[in-house]
Amino acid sequence: MRLSRFFRRVSHAALHPTGALDYKAAWNQAALADARDAILTGSTAESFEATGEADAAMVRRHVPPRAVVLNIGCGIGRVEKYLAPHVAEMWAVDVSGEMIAGARERLAGLGNVHLREIGNDEFLKSFDAGRFDLVFSFLVLQHLTREDAFLYLRDAWRVLKPGGVLLTQFPNLLSPEYTESFLSSLDVRGRSPGRARFYTEPEVRHFVALAGFETRELRFASGSRGDTEMYVVAGKPAAPPRR
C-alpha cells in the first residue's frame, strides 16, 4: 500500500490564505521532510528504484517509436530515469518546486527530459492540444479531490494526439488495506490537501469515459491482502477518416 503518513494531517503551511486546497505547499513540505517516502511510503533506496524501473517497463509496452511522453506528477523522477532513454522526448510536471529540484538533480545528463513546475490549478494548460503520444500518472490522482483528478484526465485527453494512450492508477476502496485507511481517517481533523482519495472500479471506468477515453484494460495489482491498486490503460479515439 502506497499511502504516505505525511498526508494524514495538514500543517498550517499547507493551507492557502483563500481557504482553497494548496497542493503545492503540502508537497513542498513533504519533499523537504523526505521526498522518497512521500512518493512511495516505506520504500528503501532499492525498492524505490525497482518500482521506478518496473513502472517504466509498464509504460514502455504502450510507447510507439519516437514517442513524446508526459508524466503528471513526476516527483523526483522515479520513473523518468528509466523511461527517458526509450522515448524521443520525456516531459514531466509537478506542483512541487522542491520535487522538481530533486528531479533535476536525479535526471541530470538526460538531455531529452523536460521538467516543469505547475500551479495548483494550472493542470496542463501550458501544453498545446495534440502534443503527446502517451500521458501517464501513477500515485498522483489519488492525492487530489475528485474534481481536480477529473480535470487532469480531461486535460490529458486534450494534450494527447488522436489515438494516443493514457496510463493511470487509482487505489481500490474495496480492498482491505484501503478500507482500513478510509476508516482510520474519519476522526482526523484538518485533513491534508494531499491525503488519499479512494475509488471503486465502476467509478474509475465512469471517470475515464466522462473524460472522453475508451478503457482498453483495467487490471488489479494485488497487495498483501487483496487487490489494492487499479491500473488503467485507455485510449483517445483516433480522428475519423477524411472524406
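Miscellaneous remarks
- Between Asp34 and Ser47, the distance separating the two model label sites (each 7 Å from Cα on the Cα→Cβ line) works out to 1.1 nm.
- Against the chain, whose longest principal axis is taken from its Cα atoms, helix 23-39 shows a tilt of about 90°.
- Among 200-206, 58-64, the order from most to least packed when residues are scored by Cβ within 10 Å on average: 58-64, 200-206
- If both residues of a DSSP beta bridge must be in the chain, then about 45% of such bridges are antiparallel.
- Only Lys, Arg, Asp and Glu carry charge here, each on its Cβ (+1 for the first two, -1 for the last two); on that basis region 86-133 has a dipole of about 120 debye about its Cα centre.
- The lysine pair count for the chain, using Cα distances under 22 Å and pairs eight or more places apart or on different chains, is 4.
- In this label model, Arg219 and Asn112 are separated by 2.4 nm, measuring between points 7 Å along each Cα→Cβ vector.
- Cα-based equivalent ellipsoid, the chain: semi-axes from gyration tensor eigenvalues, Å: 26, 21, 18
- Taking Cα centre as origin and charging only the Cβ of basic (Lys, Arg, +1) and acidic (Asp, Glu, -1) residues, the dipole magnitude of the chain rounds to 540 debye.
Bear in mind that the values in this text are calculations on the coordinates, not laboratory data. The model shown is predicted, which means the values in this text are computed figures rather than measured ones. Backbone-built Cβ (ideal geometry, glycine too); neighbour counts: all protein chains shown.
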